[in-house]
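Only one structure is covered here, and it is reproduced in the block below.
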Amino acid sequence: MAQVKLNKIVKNYGNLEVVHGIDLDIQHNEFVVLVGPSGCGKSTTLRMIAGLEDISGGEISIGDNVVNDLPPRDRNISMVFQNYALYPHMTVRENLGFSLKIAKKSEAEIEKAVAEAAEILSLTEYLERKPGALSGGQRQRVAMGRAIVRHPDVFLFDEPLSNLDAKLRAQMRIEIKKLHQKIKTTIVYVTHDQVEAMTLADRIVIMRDGYIEQQGTPLEVFETPVNTFVATFIGSPPMNLMDATIKGGNLDLGDGVVIPVPPEFEGKVSDGQSVVFGFRADNIMPVGHSLPMEGAHATFDMTIGLTEPLGTETLLFATLAGTEIQAKMLNPRPVTPGERLTFQIDLTRCHLFDGETKKSLR
Ligand code: ADP
């Protein structure tokens with residue numbers, strides 16, 4: 001069993017504290033993705049789990065062992081980086097088997113492990129090639145194969161797909177997900193890409209400035225973000241946010257636009273309170289081009305600015321009470337800038353955050 005536990009983990013670089021006492025429990029076989037903007041401390045956290053960085057405070061355990069003072073080679077982890085770091089003069093077979101050879105495994109053991117990894121990753125027909133004669137995706141698979149042959153308790157991935165183009169990234173995401181289903185190992189995966197995080201993770205851990213902001217399943221963090229940071233970081237396009245004030249049981253968005261308080265937040269706000277009103281483009285649509293809104297909703301007109309036709313839907317940019325927002329049009333028809341359309345907003349899917357703390361009022 002290989003759970004990974006982080007208990008009040010701190011990292012200092014000199015006088016600067018960059019990870020501030022985070023707690024994280026990763027279950028056996030769980031696929032956990034650490035995601036957040038550049039510089040939020042995800043790689044540092046991963047590297048502390050790997051043993052590539054000292055831990056300034058707190059405790060990390062893998063399985064039943066506290067590993068704070070164990071060197072990387074004794075932690076039974078394998079790490080895959082974004083630069084594949086393959087040996088260019090060795091064949092795929094030699095690259096895959098190299099770490100086992102160093103560990104003085106027998107020829108037969110190495111051959112078996114290499115054949116198994118090559119089979120899992122569909123690399124069998126490339127075993128005699130050198131990395132120079134492989135595509136980017138194949139090289140990335142070799143890098144993963146090198147991690148697999150060691151049968152680690154935990155796989156650590158540090159932005160492994162960053163060097164690939166968008167199409168290949170999407171393909172490799174699927175391969176990594178399949179790989180996890182096949183080999184059932186605990187995975188900790190770092191990325192700044194929220195789409196990658198959403199598609200891969202059993203559980204997403206969203207970090208900002210060395211703190212964990214929220215963790216949960218992809219749907220939990222999408223549907224119930226705890227603050228405006230998570231609300232705008234997860235989901236594309238980002239959630240629309242507008243400053244608003246509670247007035248007489250309604251939400252005053254300014255410029256004379258007043259709509260009811262979303263039902264979920266009735267009784268959780270008081271008159272005069274400053275709030276941030278949040279809603280996704282999928283929940284504000286022009287009448288006649290939307291999903292049926294059966295629950296509470298509000299209706300108002302907006303003038304269209306830019307449009308982004310995406311095929312099955314069109315993204316509409318419009319101004320609501322002085323704030324530019326994005327809305328969606330399903331079954332689209334051509335729309336010209338300056339056109340005025342009537343929109344419906346689904347209040348059952350909207351969010352309210354505290355105006356000061358930006359925390360959800362849910
Ligand atoms: P992320 O992986 O989320 O982009 P990192 O974990 O690489 O972020 O970095 C977290 C913070 O620690 C950043 O502010 C970064 O500048 C700082 N940092 C990272 N490595 C070092 C280092 N070797 N020395 C000093 N500061 C560092």
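Quick notes on this structure:
- Count - residues of region 237-247 that are outside any loop (DSSP other than H, G, I, E, B) and either among the polar types (S, T, N, Q) or farther than 18 Å from G355 by Cβ (or both): 2
- Some residue of region 135-142 being open to solvent by 70 Å² or more (accessible area, probe 1.4 Å), assigned by TED's automatic domain parsing to the domain that holds Y189, touching a His at 6+ places or on another chain (Cβ under 9 Å) and not small (G, A, S): no
- Scanning region 283-305 for any residue that is modelled with pLDDT of 95 or more, of a type in the set (S, T, Y) and out of contact with any Lys or Arg (no Cβ under 8 Å at 6 or more places or on another chain) turns up nothing.
- Out of L306, L316, sole residue that is in a strand (DSSP E or B), touching a residue at least 24 places away in the same chain (Cβ under 8 Å) and open to solvent by less than 70 Å² (accessible area, probe 1.4 Å): L316
- The residues of region 270-296 that are surrounded by 16 or more Cβ atoms within 10 Å (Cβ to Cβ) and within 19 Å of D243 (Cα to Cα), listed by number, are Q273, V275, V276, F277, G278, F279, R280, A281, N283, I284.
- Tabulated pairs, region 180-191, first farther than 15 Å from V205 by Cα and not assigned by TED's automatic domain parsing to the domain that holds I120, second in a strand (DSSP E or B) and open to solvent by 20 Å² or more (accessible area, probe 1.4 Å), C-beta under 6 angstrom, 6+ apart or interchain: none
- Just one of the numbered conditions (1) under 22 Å from V4 (Cβ atoms); (2) more than 16 Å from the ligand (Cβ to nearest atom); (3) open to solvent by 20 Å² or more (accessible area, probe 1.4 Å) is not true of H192: (2).
- The strands (runs of 3 or more DSSP E) found wholly in region 10-107 and carrying at least 1 residues that are open to solvent by less than 40 Å² (accessible area, probe 1.4 Å), in contact (Cβ under 8 Å) with a residue 24 or more places away in the chain and within 11 Å of the ligand (Cβ to nearest atom) occupy 16-26, 31-35.
- Residue check: G267 meets all listed conditions (1) part of a loop (DSSP other than H, G, I, E, B); (2) open to solvent by less than 40 Å² (accessible area, probe 1.4 Å); (3) farther than 30 Å from E324 by Cβ but one, namely (2).
- Positions within region 148-169 being modelled with pLDDT of 90 or more and away from the ligand (no atom under 16 Å from the Cβ), in sequence order: V149, P152, D153, V154, F155
The values are calculated or read from the model by the stated rules, or taken from the named source; none is laboratory data. All figures in this text were calculated on a predicted structure; none of them were measured in a lab. So basically every Cβ, Gly included, is an ideal-geometry build from the backbone, and we count neighbours across all protein chains shown. These accessible areas exclude ligands, DNA and RNA; they are computed on the full protein's heavy atoms, side chains included. Shrake-Rupley method; radii C 1.70, N 1.55, O 1.52, S 1.80 Å.
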